[in-house]
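Peer 1: The structure that follows is given in the form of structure tokens.
The values are calculated or read from the model by the stated rules, or taken from the named source; none is laboratory data. Just so you know, these numbers come straight off a predicted model, no measurement behind them. Virtual Cβ from ideal backbone geometry, glycine too; neighbours counted across all protein chains shown. Please note that ligands, DNA and RNA were not included when accessible areas were found on the heavy atoms of the full protein model with its side chains. Shrake-Rupley method; radii C 1.70, N 1.55, O 1.52, S 1.80 Å.
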Amino acid sequence: MSGSGVLPVFHVAGFSGHRHVANPEGARRAIAAALESLGSELAGEWIALSSVAEGSDQLFVQAALQRRLAWHAVLPLPQEEFARDFSPERWAEAEALLARAEQVRVVAENGSRDDAYLDSGMETVDGCDVLIAWWDGEPARGKGGTAEVVDYARKLEKPIIVIDAATLAITRENFHRLRRADSALHHLNHLPDHSGYGENPFKAPDAIFAFQQKCDFAASRGAPQFRRLIVATVLLHVLATLVAAGALSYDLHWLILPWLKLLCLAGALAVALVLRRHHSHHGWVQCRLAAEFCRSALATWGLPRSAPLFEDLEVAAVRGLTRALHVLHLRSAAAAPIAMEEFRATYLEKRVDDQLAYYRRQEGRALPLFNGLKLGFWVATIVALLSTLAYAACRTAALPVPHAIEENFFYFAPISLPVAAAALISLISINDLQRRVARYREMQMMLTESRNRLLYCRTWNSLERVVLRTEHALLQEVLEWHSLTTFAESH
């Protein structure tokens, strides 16, 4: 790969089919034709996904490998247990194919065999863009049969190519649901390149690092002032209220006052309309999400095997990105191994310590603002309460009060201060300050604990477990941020 900062697009063709194939040569031709049609219709690299059971599964794998497609194997059971379903000769053929798999994944480590086969079929459907099924159209003869896999794919409205096991006729279903392009990845790939923005301490391929750099730079430069716009609407409404309260409290009849109030309300409406039509927020969220996912992938690049960072993530905005990162990491994990001590030292300094410093800075920024707004809320609320209490007591006791005190503390303060208090508590909510401060502290505790564990690790397996636990926690924080900012955008 070049250092141009462009990630490839990958598509996945899954397969399910019967073990008994009456016409192997015809099945081979039909499967090859289905793969050929997919390859000609969608730009990008296709990956085959299937088990390697006897019969049509192996025909699919052979057809995929002949077309030089990468094959990811999904096995229902561990290989030692799976081998019991083969004769010694047939298992030798399956093992020879498995040796050519780019990835071998076991779906079930326990449970019944029928359950394992059904889970394997469902995993294939979940992981593919198109399911190719060699099927006779008959109901399943047992749990995990092709009919159940096809039915599951139909329930999900997954694009399906059905090859009739008797006639070899090929039909398509749900192809209007096929994503022919990943608009998010296309947008990210076409961001302007930006070099010299950081360093590549984890020795990842130049293209991956360049891609992360330009996403990070675009997110840093293009962050819209979304919260500031919302704050502006609140402050304009408060100002309009203060103008009206001042006019009533001090019996002011200046011509400018109603126009000033109108200007504030019109400004608040204009800002609200800008927020409704402000499309750059979506692009910024997309770039920031991509940059953080890439950062997590880069941090694990030195592990001796591809880290399953994104297996259980289902976020449409990064589906193409996470698939590309996973496949590229699979292909390079064993290409340039590094020593465990070197990886640990780099990970501690460039990932854990960097993140610790980041969350400390963020807490240092958010906490004073949070405390200041909270103090302002309590002061405004208490003063409003006292002025209202004093007004009620003086009126009840018919006490004489100077005119200035009456205007300022009996009329203006009880109207304006509750509005100010409400605005201050709104600013805390808008900026999500209470949650952010708590979250920053939680992340610092998690990272400190991870740091201590990493220092004690003596094997790659223990080191990998701590790294994955750390990265999953960091990704969870990113996903929580994504949910909150996307919700803010839609409202």
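Peer 1: Suppose we filter Asp114, Asp119 for residues that are touching a residue at least 12 places away in the same chain (Cβ under 8 Å), farther than 23 Å from Leu313 by Cβ and surrounded by 13 or more Cβ atoms within 10 Å (Cβ to Cβ); which single one remains?
Peer 2: Asp114
Peer 1: Checking Ala101 against (1) in contact with a His (Cβ under 8 Å, 6 or more places away or on another chain); (2) exposed (fewer than 15 other Cβ atoms within 10 Å of the Cβ), which single condition isn't satisfied?
Peer 2: Result: Ala101 passes all but (2).
Peer 1: Tally the residues that are open to solvent by less than 50 Å² (accessible area, probe 1.4 Å), more than 16 Å from His482 (Cα to Cα) and either among the polar types (S, T, N, Q) or modelled with pLDDT of 85 or more (or both), restricting the search to segment 205-229.
Peer 2: Count: 10.
Peer 1: Moving on to the next point. What's the number of the only condition in (1) closer than 30 Å to Leu269 by Cβ; (2) part of a loop (DSSP other than H, G, I, E, B); (3) among the hydroxyl-bearing types (Ser, Thr, Tyr) that Thr233 fails to meet?
Peer 2: Answer for Thr233: the failing condition is (2).
Peer 1: Going by the structure shown, is Ser387 in contact (Cβ under 8 Å) with a residue 40 or more places away in the chain and either at negative phi or open to solvent by 50 Å² or more (accessible area, probe 1.4 Å) (or both)?
Peer 2: So Ser387 fails the test.
Peer 1: For segment 130-172, which positions are open to solvent by less than 40 Å² (accessible area, probe 1.4 Å) and not hydrophobic (A, V, I, L, M, F, W, C)?
Peer 2: Gly142, Gly144, Gly145, Thr146, Lys158, Pro159
Peer 1: Which residues, taken from segment 399-427, are small (Gly, Ala, Ser), within 22 Å of Asp251 (Cα to Cα) and surrounded by 15 or more Cβ atoms within 10 Å (Cβ to Cβ)?
Peer 2: Ala413, Ser416, Ala420 - these are the residues of segment 399-427 that are small (Gly, Ala, Ser), within 22 Å of Asp251 (Cα to Cα) and surrounded by 15 or more Cβ atoms within 10 Å (Cβ to Cβ).
Peer 1: A follow-up question, please. List the pairs whose first member sits in segment 294-307 and is farther than 15 Å from Leu7 by Cβ, whose second member is among the charged types (D, E, K, R) and at pLDDT below 90, and whose Cβ atoms are under 8 Å apart, counting only residues at least 6 apart or on separate chains?
Peer 2: Gly302/Lys203
Peer 1: Mind checking which pairs have a first residue in segment 320-349 that is closer than 26 Å to Ser183 by Cα and a second that is aliphatic (A, V, I, L, M) and not in a loop (DSSP other than H, G, I, E, B), Cβ under 6 Å, 6 or more apart or different chains?
Peer 2: Within 6 Å, the pairs are Gly320/Leu185; Leu321/Leu185; Leu321/Ala290; Leu325/Ala297.
Peer 1: Something else about it: Can you give me the number of residues within segment 31-77 that are under 15 Å from Asp129 (Cβ atoms), open to solvent by less than 10 Å² (accessible area, probe 1.4 Å) and part of a loop (DSSP other than H, G, I, E, B)?
Peer 2: 1
Peer 1: Exactly one condition in (1) open to solvent by 30 Å² or more (accessible area, probe 1.4 Å); (2) at pLDDT 90 or above; (3) over 20 Å from Gly14 (Cβ atoms) is false for Asn189; which is it?
Peer 2: The one condition Asn189 does not meet is (1).
Peer 1: Could you tell me which numbered condition Val437 fails, if it satisfies all but one of (1) within 23 Å of Ala299 (Cβ to Cβ); (2) part of a helix (DSSP H, G or I); (3) at pLDDT 90 or above?
Peer 2: (1)
Peer 1: Keeping to segment 82-98, report how many residues are open to solvent by less than 80 Å² (accessible area, probe 1.4 Å) and part of a helix (DSSP H, G or I).
Peer 2: Total meeting the criteria: 9.
Peer 1: Out of the residues in segment 470-486 that are free of Cβ contacts under 8 Å to residues at least 40 places away in the same chain and touching a helix residue (DSSP H, G or I) at 6+ places or on another chain (Cβ under 7 Å), which is nearest to Glu342 (Cα to Cα)?
Peer 2: Ala473
Peer 1: So is Thr396 free of Cβ contacts under 8 Å to residues at least 24 places away in the same chain, surrounded by fewer than 18 Cβ atoms within 10 Å (Cβ to Cβ) and among the β-branched types (Val, Ile, Thr) or not?
Peer 2: It is true that Thr396 is free of Cβ contacts under 8 Å to residues at least 24 places away in the same chain, surrounded by fewer than 18 Cβ atoms within 10 Å (Cβ to Cβ) and among the β-branched types (Val, Ile, Thr).
Peer 1: Right, something else. Which numbered condition trips up Arg458, out of (1) free of Cβ contacts under 8 Å to residues at least 12 places away in the same chain; (2) in a helix (DSSP H, G or I); (3) within 30 Å of Tyr358 (Cα to Cα)?
Peer 2: (2)
Peer 1: Within segment 393-416, how many residues turn out to be at pLDDT 90 or above and aliphatic (A, V, I, L, M)?
Peer 2: Within segment 393-416, residues that are at pLDDT 90 or above and aliphatic (A, V, I, L, M) number 1.
Peer 1: Looking at Ala317, is it in contact with a Leu (Cβ under 9 Å, 6 or more places away or on another chain) and open to solvent by 30 Å² or more (accessible area, probe 1.4 Å)?
Peer 2: For Ala317, the condition - in contact with a Leu (Cβ under 9 Å, 6 or more places away or on another chain) and open to solvent by 30 Å² or more (accessible area, probe 1.4 Å) - is met.
Peer 1: Right, here's the next one. Which residues, taken from segment 362-382, are touching a residue at least 24 places away in the same chain (Cβ under 8 Å) and either open to solvent by less than 60 Å² (accessible area, probe 1.4 Å) or outside any helix (DSSP H, G or I) (or both)?
Peer 2: Answer for segment 362-382, where residues must be touching a residue at least 24 places away in the same chain (Cβ under 8 Å) and either open to solvent by less than 60 Å² (accessible area, probe 1.4 Å) or outside any helix (DSSP H, G or I) (or both): Gln362, Glu363, Ala366, Leu367, Phe370, Leu373, Gly376, Phe377, Ala380, Thr381.
Peer 1: Now a separate question. Check whether at least one residue in segment 87-94 is at pLDDT 90 or above, farther than 26 Å from Arg305 by Cα and hydroxyl-bearing (Ser, Thr, Tyr), and report yes or no.
Peer 2: Checking segment 87-94: at least one residue is at pLDDT 90 or above, farther than 26 Å from Arg305 by Cα and hydroxyl-bearing (Ser, Thr, Tyr).
Peer 1: Turning to a different aspect of this structure: Can we say Gly26 is in contact (Cβ under 8 Å) with a residue 12 or more places away in the chain, on the phi > 0 side of the Ramachandran plot and not charged (D, E, K, R)?
Peer 2: No: the conditions fail for Gly26.
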